[in-house]
Amino acid sequence: MAINYYSINIITNDLSENIFSGIFGVDIGSNQVIKFFNNTNTNINILNTNLVNSNGADWLFINNKFSQNGTIIDTIPLLNIIGAQKFKIYTVSNVNLIDYYNGSQWITITNTFAFSIQFITTTEPVKQRLTIDKFCDMQQRRGLTRMRGCVPALPLSKKNIFYNNNNNNNNNTNSGGFTCQELRNKMKYAEYVRIYGGTQKSTSATRKICLIAGPSFKY
């Protein structure tokens with residue numbers, strides 16, 4: 001059996017939030033989806049081919065689209081629908097939709113979705129990398145509470161205007177080098193990125209002794 005593999009990202013059209021990333025395999029001979037994996041666990045095939053309560057699904061994937069009868073998978077955790085036992089993803093007149101089965105009936109989710117699908121030559125999961133701003137935006141939209149660290153992160157080459165006070169007690173300026181306040185800003189930025197994302201390589205700078213929360217710190 002020859003199989004083509006595709007990566008898929010399911011994105012909400014209202015929040016532009018990526019709720020699912022995975023890969024699936026399609027039998028070239030029948031155009032049927034025969035494997036489906038979530039990138040968070042590529043060891044478990046979440047494709048559901050049970051014909052009982054299948055809501056007319058045919059598991060067809062043609063011309064880079066799921067059929068209007070749809071493909072059923074067991075789980076889309078980030079949709080966070082209580083009681084959902086399985087989900088059907090399908091396309092009708094170029095509109096991407098998702099239904100879920102609650103144990104007694106199928107219900108269409110009122111939102112519409114973008115299915116970002118690409119042919120791939122490897123079955124390794126393709127994960128989207130979140131930028132810091134995107135991460136913060138997603139956390140805010142989800143109503144999560146750990147938001148005190150979610151502030152816009154400045155590039156390493158720019159100053160944070162809230163700390164650029166030119167205080168002679170704290171800013172040990174040196175012609176052609178960084179002030180202590182600027183160095184502290186860079187350190188705050190590096191710590192923030194270490195927790196929430198990736199960063200660019202640091203640039204070299206003149207070593208300075210800066211007072212940070214009491215004791216001297218050699219940078």
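Taken together, the residues in the stretch 79-94 that are in contact with a strand residue (DSSP E or B) (Cβ under 9 Å, 6 or more places away or on another chain) and either aliphatic (A, V, I, L, M) or not assigned by TED's automatic domain parsing to the domain that holds Asn18 (or both) amount to 4.
Among residues of the stretch 94-117 being outside any strand (DSSP E or B) and free of Cβ contacts under 8 Å to residues at least 40 places away in the same chain, the one that is surrounded by the most Cβ atoms within 10 Å (Cβ to Cβ) is Ile109. Looking across the stretch 68-80, the residues that are surrounded by fewer than 20 Cβ atoms within 10 Å (Cβ to Cβ) and more than 23 Å from the chain's Cα centre (by Cα) come down to Gln68, Asn69.
Among the residues of the stretch 54-66, those that are of a type in the set (A, V, I, L, M) and either in a loop (DSSP other than H, G, I, E, B) or in contact with a Ser or Thr (Cβ under 8 Å, 6 or more places away or on another chain) (or both) comprise Ala57, Leu60. Among residues of the stretch 24-47 being under 17 Å from Leu78 (Cβ atoms) and of a type outside the set (Ser, Thr, Tyr), the one that is modelled with the lowest pLDDT is Asn41. One residue alone among Asn55, Asn48 is in the same structural domain as Ile98 (by TED's automatic domain parsing), surrounded by fewer than 17 Cβ atoms within 10 Å (Cβ to Cβ) and in contact with a Lys or Arg (Cβ under 8 Å, 6 or more places away or on another chain), and that residue is Asn55. Exactly one residue out of Ile28, Ile62, Ile34, Ile120 is touching a residue at least 24 places away in the same chain (Cβ under 8 Å), in contact with an Asp or Glu (Cβ under 6 Å, 6 or more places away or on another chain), under 20 Å from Met1 (Cβ atoms) and not basic (Lys, Arg), and it is Ile34.
The values are calculated or read from the model by the stated rules, or taken from the named source; none is laboratory data. All of these numbers come straight from a predicted model, not from anything done at the bench. Please note: Cβ atoms are built from the backbone with ideal geometry, for glycine as well, and neighbour counts cover all protein chains shown.
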